[in-house]
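So the structure is just underneath, and the comments pick up after that.
The values are calculated or read from the model by the stated rules, or taken from the named source; none is laboratory data. Please read these numbers as outputs of a predicted model, since none were measured by experiment. Heads up, the Cβs are rebuilt from the backbone with ideal geometry, glycines too, and the neighbour counts pull from every protein chain shown.
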Amino acid sequence: MHILLAGQGKMTTAVESVCTSRGIQVTKFGMDLDYSNPYYGKPVAIHFGSGRQLPELIDLCERIRVPIIQGSTKLTVSIPSDRRVVIIKAPNLSLPMIRFVSAFPAFAAAINIGMSVRIVESHQSKKADTSGTARAVAKTLGVAESTIKSVRDPDIQLSLGVPEEHLDGHAYHDFIFTGQGVEIKISTKIRGRATYAEGALTLAQALADQQEPLKNGIYELKDILYLLPTK
């Protein structure tokens, strides 16, 4: 497998770091390479960033028939729906968290009888919007998005147990059920960006290993989880 990496920032750095540790070939988008050369392995494109390079990346990947994993949470450009290329929208690439979000509603429905629910999330101070994970869970629980408590103050985050070295890259969630003299709290804690980079490369490997590639089009990650290893 060969990773064609587009974009800039801490996530691209994290992907490069994991590629190096795994011995995976990675090329930054923009370099003039012969992607048909077997030396480079079967390529898969991964994009992080604002989207400035995305239109050119789509042009290239359509031409050389390479799937794209789009991992940015926010884009300054829209993704065209009529291109002859596979584009996977994956703003959250932490596979354990994706599986948790998929499985959590059934658990919550079993205990959420006569209970009230609170959701608290903490992310790095530069994150302006409410956590997508918190919003997704709130929707399944019937909890108003406006009631989600978002923590962005580093001093408060330290008091919550966020390590100082991860203040600029973490994702903490508390789902708290209260009632009948009982409090049940489910907590998830992501420290750093490695889980997203690992998820991106696991998905890329699954795409590279496919005997029958996906049909061209835009996919949500939750719709292709069946491609991922189960062990």
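Pull out all pairs, ordered by first then second residue, where Cβ-Cβ is under 6 Å, the residues are six or more apart or on different chains, the first lies in region 123-134 and is more than 11 Å from Val151 (Cα to Cα), and the second is part of a loop (DSSP other than H, G, I, E, B) and modelled with pLDDT of 90 or more.
As it stands, the answer is Ala134/Ile148, since those pairs meet every condition given.
Would you pick out the residues in region 107-137 that are in a strand (DSSP E or B), small (Gly, Ala, Ser) and under 16 Å from Met97 (Cβ atoms)?
Matches in region 107-137: Ser122 only.
Return the residues of region 149-177 that are charged (D, E, K, R) and touching a residue at least 40 places away in the same chain (Cβ under 8 Å); say none if nothing qualifies.
Of everything in region 149-177, those that are charged (D, E, K, R) and touching a residue at least 40 places away in the same chain (Cβ under 8 Å) turn out to be Asp168, Asp174.
Residues Val101, Val26: which one is in a helix (DSSP H, G or I), under 20 Å from the mean Cα position of the chain (by Cα) and surrounded by 13 or more Cβ atoms within 10 Å (Cβ to Cβ)?
Going through Val101, Val26 in turn, the sole match is Val101.
Kindly indicate the residue of region 1-53 that is polar (S, T, N, Q) and within 16 Å of Thr73 (Cα to Cα) and also modelled with the lowest pLDDT among those meeting that condition.
Gln8
Which of the residues belonging to region 76-96 are surrounded by 14 or more Cβ atoms within 10 Å (Cβ to Cβ) and out of contact with any Pro (no Cβ under 9 Å at 6 or more places or on another chain)?
Ile79, Arg83, Lys89, Ala90, Pro91, Asn92, Leu93, Ser94, Leu95, listed by residue number.
Contact list please: Cβ distance under 7 Å, first residue in region 203-231 and more than 21 Å from Arg83 (Cβ to Cβ), second residue part of a loop (DSSP other than H, G, I, E, B), pairs at least six apart or on different chains.
As it stands, the answer is Gln205/Met1; Ala206/Leu228, since those pairs meet every condition given.
Hey, Asp168 hits all of (1) assigned to a helix (DSSP H, G or I); (2) in the same structural domain as Pro105 (by TED's automatic domain parsing); (3) under 20 Å from the mean Cα position of the chain (by Cα) but one; which does it fall short on?
It is condition (1) that Asp168 fails.
For region 112-153, name all the residues that are surrounded by 14 or more Cβ atoms within 10 Å (Cβ to Cβ) and within 17 Å of Gln180 (Cβ to Cβ).
Asn112, Met115, Val117, Arg118
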